[in-house]
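Input: a single structure, listed below in structure tokens.
Since every read-out is calculated from the coordinates, none of them should be taken as a lab result. This is a predicted model, so every value here is computed, not measured. Cβ coordinates were reconstructed from backbone atoms using ideal geometry, including for glycine residues, and neighbour counts include every protein chain displayed.
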């Protein structure tokens with residue numbers, strides 16, 4: 001038996017392709033009415049024939065089945081332990097659907113403790129040798145064991161933590177003005193982008209006298225976008241999320257303040273050099289910098305007098321001018337790419 005997960009709404013499409021691949025087998029589509037699930041009654045050896053079905057996201061070979069009772073689930077520990085003979089570490093992945101008198105955490109702790117007693121394996125939630133899936137569907141429990149290598153992990157040892165770079169980037173953004181409706185909308189996108197990357201700070205920096213009410217709309221948009229993204233991050237991340245500080249300062253004074261010995265000042269402008277031509281020098285300076293300060297224009301470019309204070313003037317995409325709201329994600333993604341390349345070379349010389 002196989003438990004298969006799909007995107008919600010793709011269950012019947014996946015079921016049709018499964019029958020084409022392995023024959024007219026019994027398939028429970030949306031068991032107990034839960035979307036995104038299929039239970040395929042077939043031999044586990046047929047699993048490889050389903051690899052070419054993109055509608056399928058996860059395949060879990062069902063090792064054993066029981067009722068949705070905590071004691072019954074724990075009683076299956078000996079069967080599970082047989083599958084963990086060659087493993088040193090394991091993790092319990094419990095997904096509970098329906099109403100029960102126990103929680104997913106109860107299953108993880110109690111079943112995990114029993115498996116440790118039987119096998120001597122240690123729990124490793126991040127990089128286990130084996131993962132035990134406990135899929136609870138109303139009154140029914142399906143349990144399967146898969147190799148840890150089969151799980152798609154967000155975080156692995158060889159991945160570079162992007163926060164190492166973004167945490168020391170100050171982004172100096174000239175405000176988008178003149179049209180209050182557009183200023184609000186663009187400000188919202190800028191605020192969302194700044195918060196998404198969790199940069200050190202966002203500085204809204206006019207270069208001359210500006211209309212106070214137009215600036216008010218831009219700042220209001222930044223605040224709205226930042227809060228919207230922050231709420232998503234709080235739900236999505238297991239770690240603590242930091243709100244990005246937002247300041248307002250004249251762009252010339254900002255450049256003077258930020259021009260310190262161990263700071264790197266970068267201006268994005270179509271007259272600058274391509275990233276490929278300066279990447280080695282730029283990466284070296286970014287690695288040892290206390291702060292990386294990026295200046296970006298909006299409708300009008302960064303004042304050219306500031307170019308003399310900059311360590312680098314960069315043209316990120318020759319012959320293309322980015323929209324204001326695209327500048328933060330494009331610039332930071334480009335800087336991260338060259339930073340990651342250097343870090344990966346150090347990790348895998």
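Sorted from largest to smallest, which semi-axis lengths in Å does the alpha carbon gyration tensor of the stretch 39-187 give for its equivalent ellipsoid, taking the root of 5 times each eigenvalue? Walk me through the intermediate numbers first.
On the way: eigenvalues 333, 83, 68 Å².
Whole-Å semi-axes of the equivalent ellipsoid: 41, 20, 19.
What does the highest-first list of 175-188, 56-69 look like by mean Cβ count within 10 Å?
Values: 175-188: 19.6, 56-69: 16.9.
Highest mean packing first, the order is 175-188, 56-69.
Rounded to the nearest 500, what is the 222 nm mean residue ellipticity of the chain from helices alone, with -39500 (n - 2.57) per DSSP H run of 4+ residues and division by all residues? Let's see the in-between values first.
Working: 10 runs with 130 residues, N = 349.
Mean residue ellipticity, 222 nm, calculated: -12000 deg cm²/dmol.
In Å, the Kirkwood hydrodynamic radius of the stretch 224-304 over pairs of distinct alpha carbons? Walk me through the numbers before you get to the answer.
Values: mean 1/r = 0.0643 Å⁻¹.
Taking the inverse mean of 1/r over all distinct Cα pairs, the stretch 224-304 comes out at 15.5 Å.
Please report, in whole Å³, the volume per residue of the convex hull around the C-alpha atoms of the stretch 36-105. The partial results should precede the final answer.
On the way: hull volume 9.7 nm³, N = 70.
Cα convex hull per residue, to the nearest whole number: 138 Å³.
Helix 327-347: angle to the longest alpha-carbon principal axis of the chain, degrees 0 to 90, nearest 10?
Compared with the principal axis, the helix lies near 60 degrees.
Helix 104-119 against the longest principal axis of the chain: what's the angle in degrees, Cα atoms only, rounded to the nearest 10?
60
What fraction, in whole percent, of alpha-carbon pairs in the stretch 1-119 exceed 17 Å separation?
Working: 4274 of 7021 pairs.
It works out to 61 percent of all Cα pairs.
Report the relative contact order of the chain, percent, no decimals, based on alpha-carbon pairs under 8 angstrom and at least 6 residues apart.
Details: 614 pairs, mean separation 45.4, N = 349.
Over the chain, the number comes to 13 percent.
Under the definition of Cα pairs under 8 Å and six or more residues apart, what whole-number percent is the relative contact order of the stretch 53-205?
Numbers: 217 pairs, mean separation 36.0, N = 153.
Worked out over the stretch 53-205, it gives 24 percent.
Test of understanding: express the Cα radius of gyration of the chain as a ratio to 2.2 N^0.38 Å, with N the residue count.
Working: Rg = 26.6 Å, N = 349, 2.2 N^0.38 = 20.4 Å.
Relative to the 2.2 N^0.38 Å estimate, the chain comes out at 1.31.
Could you give the C-alpha radius of gyration of the stretch 163-347 expressed as a fraction of 2.2 N^0.38 Å, taking N as the number of residues it contains?
On the way: Rg = 16.0 Å, N = 185, 2.2 N^0.38 = 16.0 Å.
Taking N as the residue count of the stretch 163-347, the ratio is 1.00.
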